[in-house]
1. Where the centroid of each part is defined by its Cα atoms, how far is the range 329-390 from the range 185-260 in Å?
2. With springs only between Cα atoms under 10 Å apart, run a GNM on the chain and tell me which of Ala354, Ala28, Ala186 wobbles the most.
3. For a quick check, take a GNM of the chain with Cα springs below 10 Å and name the residue from Gly328, Gly181, Gly336 with the largest mean-square fluctuation.
4. Positive end of the dipole of the chain, charges at C-beta (+1 Lys, Arg; -1 Asp, Glu), about the Cα centre: which of Thr109, Ser48, Gly370 has its Cα farthest in that direction?
5. Can you work out the base-10 log of I(q)/I(0) for the range 241-314 at q = 0.20, 0.23, 0.24, 0.27 1/Å, using the Debye formula on its C-alpha atoms alone?
6. Ratio of alpha-carbon Rg to the 2.2 N^0.38 Å globular estimate for the range 185-291, to two decimals, please.
7. Under a no-solvent Debye model with one identical scatterer per Cα of the chain, what's log10 I(q)/I(0) at q = 0.10, 0.11, 0.12 Å⁻¹?
8. Where is the GNM fluctuation largest for the chain (alpha-carbon springs, 10 angstrom cutoff): Tyr349, Tyr283, Tyr35?
Amino acid sequence: MKRVLAIILGGGAGTRLYPLTKLRAKPAVPLASKYRLIDIPVSNCINSEIYKIYVLTQFNSASLNRHLSRTYVFSGFNEGFVEVLAAQQTPENANWFQGTADAVRQYLTLFQEWDVDDLLILSGDHLYRMDYGDFIRRHQETNADITISVVPMDDRRASDFGLMKIDDAGRVVSFSEKPKGDALKAMRVDTTVLGLSPEEARQNPYIASMGIYVFKKDVLIKLLKENLERTDFGKEIIPTSADHYNVQAYLFSGYWEDIGTIEAFYEANMALTQQPYPPFSFYDEKAPIYTRPRYLPPTKLLDCHIKESIIAEGCILKDCSITHSVLGVRTRIESGCVIEDTMIMGADYYQSLAERSSGSDCSTDKVPLGIGKETTIRRAIIDKNAHIGCNVQIINKDRVQEAERENLGFFIRSGIVVVLKGATIPDGTVI
């Protein structure tokens, strides 16, 4: 894998994950109590012995830069690095990234300098564990110009993905990006050619792209230089390449979830609490997911009832009930609270005793960091450093599906209440 360069696409403004992307780049969004989205593809690269990794981004990249520089420091005896490449204006190009292919194109001069054979293109907002070594070996064994990692897909979700048809040798013969109606039906295939059983093939009659590609270096350079008007891999570069290049499909059979929307992000985090076997596990010693070491104290619990939940280190929980929830680092929950089906991202710091004492009696306008006494939260995402007062109810009592209340410190997306980073929700508030 020494002759492979990985490029992780950090995405655009992250509008589908807004407001979680209001103050941070999409790859920097917290995940599973202590990780960030970027940790998934970077860890997969490291576990696959791919150590040359670039991350392309253009929005709110400060926290992403900070996280990567503090987390991924390689030995000086190899060429390993994880480096952010932010969008920049140059004399040759005054535009920001116009799409996934354009982002790579704008840094093509840098990528050309590397003496590598293949470029691995990854997405920064997927949850999965994958050995890219198997993927790249299949790419090399078939002498492919481009190899696309694919998953079988059902009728319900197929129109959200790029779909393809392949021949008996696994070569892609046609491609359609997010088809609908008759165009969708036309992309149905017999997925038993991928090794599925007849029953599995009936349930998953489509082949969907994961947005993960391997390109021969010279092929990628040629495609990007000759098609300057084409700015996206999935919509333009890949579909038009099938007729002229050997484009192969590689079946990925493990868990994979695109968590680019608030609902998908929420459901993926809640699924991690399932017992005894969540669909994705962070407990694989052979292929760990890495993140920044924080050296926090252990979590402290006092008379708490906790069921099917994940709790990160450094938390302080008092006389509360936590069910089917994910609690991030330094989360503080006071007595009498009920937390259900909720993701609390925690905090970046601890308040001093003096700061907390000034508002802990629930009789002043000062709301301490964390969740105040007698508060109930259900089906919500509480972003970092939120101040939730006493006797607050975040329960979406009117069953609203979509709402923007930025001035009040929250949004509602797909019925999920999202409290903004650093927001203050006063005592007695009902949402």
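A short reminder: the numbers here are calculations on the coordinates, not readings from a lab. This is a predicted model, so every value here is computed, not measured. For neighbour counting, all protein chains shown are included, and Cβ atoms are generated from backbone atoms with ideal geometry for every residue, glycine included.
1. 45
2. The residue that fluctuates most here is Ala354.
3. Of the options given, Gly181 has the highest mean-square fluctuation.
4. Gly370
5. Summing over Cα pairs of the range 241-314 leads to -1.17, -1.29, -1.30, -1.32.
6. 1.38
7. -0.75, -0.89, -1.02
8. For the chain, modelled as a Gaussian network with Cα springs under 10 Å, the answer is Tyr283.
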